[in-house]
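This report concerns only the one structure given below.
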Amino acid sequence: MTAIETAAEETPHGMPYHRETRHDPPAALMALQERPLRRMTYYPDGAEGWLVTGHAASRKVLADPRFVTGEQFVRSPTDQPHFFVSSSRHVPPGFFFFFDPPEHTRLRRKVTGVFTLKRMNELGDRVADIVDERIAAMKAAGNAADLVREFALPVPSLVICEMLGVPYADRDHFQRTSSDIFDQALPIERRDEAGAELFGYVLGLVPAKRSDPEDDLLSSLAADPDLTDEEVGGIGMILLLAGHETTANMFGLGTLALLEHPDELARLRAEPGLMTGAVEELLRFLTVAHAGMMRIVKEDAEIDGHLLRAGEYLTVAPHAANRDPARFERPGELDLGRNTQGHIAFGHGVHQCVGQQLARVEMRIGFAKLLEAFPDLRLAVPPEEIALRTDMFIYGVDSLPVSW
Amino acid sequence: MRIVADRERCMSAGMCALTAPEVFDQDDEDGRVLVRESDPEAEAALRAADAIELCPSGALAAR
Ligand code: HEM
Ligand code: HEM
Ligand code: SF4
């Protein structure tokens, strides 16, 4: 090996995102796991920063307050502009994902009370009704459907709309703007416009929520004297955005993965009690948040013998970390009965997913009812023809033609 | 064993209540951790230990 090749190996340029298979992280990314925390150069300027692919190292850095999101991100781990990247300092007020403690904590606590495990379990009956309605509509329409359009997207959208008090009739608008925000292949200007549109949309709902409050989250946020209208808009926007795309992609991609692993699917059908663990394994195996969790080093930090300097970028590749052989045996296998404890599909640290207990309830009920209603569910096209959204911030499928 | 929770650090992710429901709960106000059983035994103690490791914000400890 020449010196140049060695150097390239030591410091890859960006995080590989080209996938060879539908369900596995890029082979080039997995190859980097040999060193769980390593140097990497960032786009567009080639500045050196860090890439984390190991499970233990990921959890360590994500839980460390020296790595922050409340900075302006101008670099990206790939040649596409990352969701975190913006051309101006424009993070909407209240959009707590891009704040650090203590401001992050203040805003996040405004909503966490409604997303507790207990509250989400209580919501189960309502989720079940929504799922039943979608299944009935699919059956009424024939014996084939695009599962994404008829089930995967509507179920979480209906649930989050109801919780927030956002009219579901407006879904075309917010589903398109959300999808544009997350589409890393679109020009930055369009994504930004979409961000502003979605913010403007939610902000526009706030005055009526205050004057005519209903039993929903936007109304209770609007009534909170501690929050400005803009903050309510930003909080509403983050929940609307995060609340439907992610779960929708887990339904779409998860169904595809099950259909492509018929033994595991048969096992789940035979043993419905596996569902709780199966959902965790699908979360681990698919890790749809594949664009990575980006952070900026706020102050010099020593991690596992490396010195991370203030101002450097750091990206955690959760899809690699969730397949770290040091943590999970036979990590590349979908094994619905395995112990998945500690997976980071919902992140880790102070930004760990607010909606995780909701997503779990939605997936357990959604997958269980889907399998029960369609004992003969199958793909309506060869799997190779299904387009995967490698360019999206959240991994998934745009459509999934199925029949029964 | 005595389980302690730092409610200032808690981010209300609910991993604790999910992992060791007999030991942890979340309050109704903002979902922050509540210790239901500070001296769990047997199985519950093992689950509590898992929950302490899983907590994303390092809010839990056993003394
Ligand atoms: C992808 C690259 C992005 C770029 C280049 C970008 C850039 C910009 C620019 C130039 C503005 C106008 C700022 C102003 O008028 O002062 C803006 C506004 C806005 N952007 Fe972005 N943005 C991006 C991504 C996003 C994302 C991912 C979100 C949300 C998740 C978002 C949400 C917003 C919102 C809500 C506004 C309106 C803010 C306000 O009116 O106060 N943008 N953005
Ligand atoms: C299976 C579905 C989901 C997955 C895989 C997922 C994944 C994630 C991940 C990985 C993060 C952390 C990102 C980071 O640290 O950079 C996150 C944060 C977040 N998620 Fe989710 N999520 C899902 C569903 C939901 C739902 C249903 C909601 C809302 C109702 C939601 C709301 C949020 C919010 C608000 C944050 C930001 C938390 C913060 O910054 O403190 N998510 N999610
Ligand atoms: S797991 Fe940790 S952060 Fe989450 S609710 Fe429990 S104590 Fe709080």
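Computed quantities for the displayed model
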| item | result |
| --- | --- |
| Label-point gap, in nm, between A:D132 and B:D50 - each point 7 angstrom along Cα→Cβ | 3.2 nm |
| Zone residues, the stretch A:370-404, relative to A:A28, backbone N less than 19 Å from point 7 Å out along Cα-to-Cβ | A:388-393, A:395 |
| Accessible area of A:T21 in the full protein assembly, 1.4 Å probe (Å², nearest 10) | 60 Å² |
| Neighbour-limited loop hits for GluC sites (Glu not before Pro), the stretch A:240-293 (at most 16 other Cβ within 10 Å; DSSP other than H, G, I, E, B) | A:E260 |
| Computed label-point distance, nm, for sites A:A310 and A:N339 using a 7 Å Cα→Cβ extension | 4.2 nm |
| Heavy atoms of A:L388: accessible area, 1.4 Å probe, square angstrom to 10 | 50 Å² |
| Accessible heavy-atom area order of A:K369, A:K298, highest first, probe of 1.4 Å | A:K298, A:K369 |
| Exposure of A:D129 as accessible area (Å², to 10), given a probe of 1.4 Å and all protein chains | 70 Å² |
| Residues whose placed amide H lies under 5 Å from that of A:Y43, excluding near-sequence neighbours | A:S76, A:T78 |
| Inter-label distance for B:V4 and A:E48, nm, one decimal - labels placed 7 Å from Cα along Cα-to-Cβ | 4.2 nm |
| Over the protein assembly as shown: Rg over Rh, Cα atoms, Kirkwood Rh | 0.95 |
| In sequence order, calculated HN-Hα J values of the stretch A:103-111 (Karplus, 6.51, -1.76, 1.60; Hz; x Gly/Pro) | 4, 4, 4, 4, 6, 4, 5, 5, 10 |
| Those GluC sites (Glu not before Pro) in the stretch A:59-161 that DSSP places in a loop and that have at most 10 other beta carbons within 10 Å | none |
| Size of electric dipole in chain A: Cβ of Lys, Arg +1 and of Asp, Glu -1, about Cα centre, debye, nearest 20 | 680 debye |
| Near-label residues of the stretch A:124-148 by backbone N, under 12 Å of a point 7 Å along Cα→Cβ of A:S399 | A:145-148 |
| Table column - 3J(HN,Hα) (Hz), the stretch A:195-200, Karplus curve with 6.51, -1.76, 1.60, x for Gly and Pro | x, 5, 4, 5, 4, x |
| Relative contact order (percent, whole number), chain A, Cα cutoff 8 Å, 6+ residue spacing | 24 percent |
| Cβ-derived FRET efficiency at R0 41 Å, A:S211 paired with A:E260, nearest 0.05 | 0.20 |
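The values are calculated or read from the model by the stated rules, or taken from the named source; none is laboratory data. In this text, all values refer to a predicted model and were calculated from it rather than measured experimentally. Glycine also receives a Cβ, built like all others from the backbone with ideal geometry; neighbour counts cover every protein chain displayed. Please note that ligands, DNA and RNA were not included when accessible areas were found on the heavy atoms of the full protein model with its side chains. Shrake-Rupley method; radii C 1.70, N 1.55, O 1.52, S 1.80 Å.
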